[in-house]
Amino acid sequence: MRILEKILLATDLLPSSENVLDNAVALARAFHSKIVLLHVLPENIGSEKVKKLLAEAVSGRLAEMKKRIGAEGLKTGEPVLQWGDHCEKIVAEAKRQDANLILIGAGEKEKGEKTRLGTTAEKIIKMSEHPVFVVKPEEALNIRTILCPVDFSGPSRRALKDAVIFARRFAAELIVLSVYKPIAPSSFFFSYNWEEENTQIAFKHIAQFNEFLKDFNLKDVRWKKEVRRGKPEEEILAEIAESDIDLLIMGTTGRGGLSRVLIGSVTENVIRDVPCTFLTTKSQDVIQLQLENRIKDIESHYNIAEQLMKDGFYKESIAEFETCLKINDMHVPAIYGIAKVYDKMEQPEMAEKYRKLAREVLRRVWDSKVEEEIRRYYRF
């Protein structure tokens with residue numbers, strides 16, 4: 001089980017695609033993800049001979065990329081070659097593959113010019129219900145600082161959930177930013193203490209911000225919250241510049257069924273000039289806990305539980321440790337694992353209860369098989 005199981009890498013095979021592949025490999029390595037390669041060719045090529053030659057050339061290039069991914073010790077499926085509209089095919093393939101996210105490049109840039117979001121990338125963000133990870137050209141995936149702007153909405157809640165996991169996996173600092181808009185005087189003929197009114201707005205906003213953050217497990221994460229005053233898009237861009245942000249994670253809004261799906265004006269204005277590598281989420285989380293019984297053996301469940309505990313999914317971690325105990329109710333490492341989770345949750349009475357249970361099991365059962373298994377995880 002992987003919490004970021006599958007990455008759909010939609011490559012355009014342009015020069016910048018080498019860096020995009022490097023980013024995909026680094027991301028997959030951090031989450032032990034599978035990478036599926038996709039390239040879309042235009043369908044309006046009239047000559048069948050040209051189409052065949054082009055398909056062969058692209059297939060060869062995709063095969064090279066697949067080999068490179070495999071050489072990194074990562075899993076990858078057979079590359080997918082599609083014909084038709086780039087955006088439609090990429091979005092449809094992500095759905096067919098049940099990918100956790102789509103990874104694409106921001107687009108090519110002229111030398112000396114700042115990077116602007118390419119038309120294809122922008123359309124994919126608007127059309128896709130899957131999260132979209134957009135790589136800034138020529139930048140390696142070196143995530144030291146993550147920015148997650150929130151407005152207390154559902155999309156920003158999903159974005160922050162994902163940002164916390166990224167911060168843990170990359171040992172990065174997480175900045176959670178919220179921006180409030182002050183009231184500006186609408187008339188010069190009306191005298192009023194607007195600053196006093198704006199102070200009250202700020203206090204109310206900060207209280208709402210604090211309440212919003214209570215729903216998130218930020219234990220063991222290096223993080224800080226920032227409150228800024230002004231226009232959201234301007235303040236987000238200012239924070240990116242001032243804090244040297246490596247990864248921006250933002251929630252987007254959108255409604256399916258429209259010919260032009262909206263992504264939200266703030267998000268659109270922020271990402272238009274691609275200030276850094278960014279991840280947008282809409283209706284689906286990047287991090288999906290797929291806890292069905294795909295893995296039956298105890299060791300795999302135990303490793304899953306350990307990773308979930310590190311990622312801060314405490315209830316899910318306990319559930320996986322309990323799965324170990326359903327298979328073998330004398331599995332002492334799982335019992336101790338539950339105790340460690342309760343320590344993390346600051347519930348010492350429950351932690352001691354499971355330690356006591358583990359000691360009782362050890363007193364009753366100490367055959368060679370159990371002893372060997374226990375000593376793999378603990379030294380006494």
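Of the helices (runs of 4 or more DSSP H) lying entirely inside the stretch 302-368, the ones with 1 or more residues being surrounded by fewer than 20 Cβ atoms within 10 Å (Cβ to Cβ) and over 34 Å from the mean Cα position of the chain (by Cα) are found at 348-364. Could you tell me whether the stretch 369-376 includes any residue that is of a type in the set (A, V, I, L, M), outside any helix (DSSP H, G or I) and either closer than 29 Å to LYS161 by Cα or modelled with pLDDT under 90 (or both)? Looking through the stretch 369-376, none of the residues is of a type in the set (A, V, I, L, M), outside any helix (DSSP H, G or I) and either closer than 29 Å to LYS161 by Cα or modelled with pLDDT under 90 (or both). Do we have any residue at all in the stretch 37-59 that's of a type in the set (Asp, Glu), assigned to a helix (DSSP H, G or I), in the same structural domain as LEU21 (by TED's automatic domain parsing) and touching a helix residue (DSSP H, G or I) at 6+ places or on another chain (Cβ under 8 Å)? For the stretch 37-59, residues of a type in the set (Asp, Glu), assigned to a helix (DSSP H, G or I), in the same structural domain as LEU21 (by TED's automatic domain parsing) and touching a helix residue (DSSP H, G or I) at 6+ places or on another chain (Cβ under 8 Å): absent. Scanning the stretch 124-159 for residues that are surrounded by 19 or more Cβ atoms within 10 Å (Cβ to Cβ) and basic (Lys, Arg) yields a total of 3. Applying the set (1) at pLDDT 90 or above; (2) in contact with a Lys or Arg (Cβ under 8 Å, 6 or more places away or on another chain); (3) surrounded by fewer than 15 Cβ atoms within 10 Å (Cβ to Cβ) to LYS204 leaves exactly one unmet item: (2). Number of residues in the stretch 214-237 that are assigned to a helix (DSSP H, G or I) and surrounded by fewer than 16 Cβ atoms within 10 Å (Cβ to Cβ): the value is 1.
Tell me, yes or no, whether the stretch 21-36 has at least one residue that is outside any helix (DSSP H, G or I) and small (Gly, Ala, Ser).
Initially, the stretch 21-36 is screened for residues outside any helix (DSSP H, G or I), giving 32-36.
From what is left, the residues that are small (Gly, Ala, Ser) are 33.
Scanning the stretch 21-36 turns up at least one residue that is outside any helix (DSSP H, G or I) and small (Gly, Ala, Ser).
The values are calculated or read from the model by the stated rules, or taken from the named source; none is laboratory data. Here the structure is a predicted model, which means the values were calculated and not measured. When we count neighbours, we look across all protein chains shown, and the Cβ atoms used for this are built from the backbone with ideal geometry, even at glycine.
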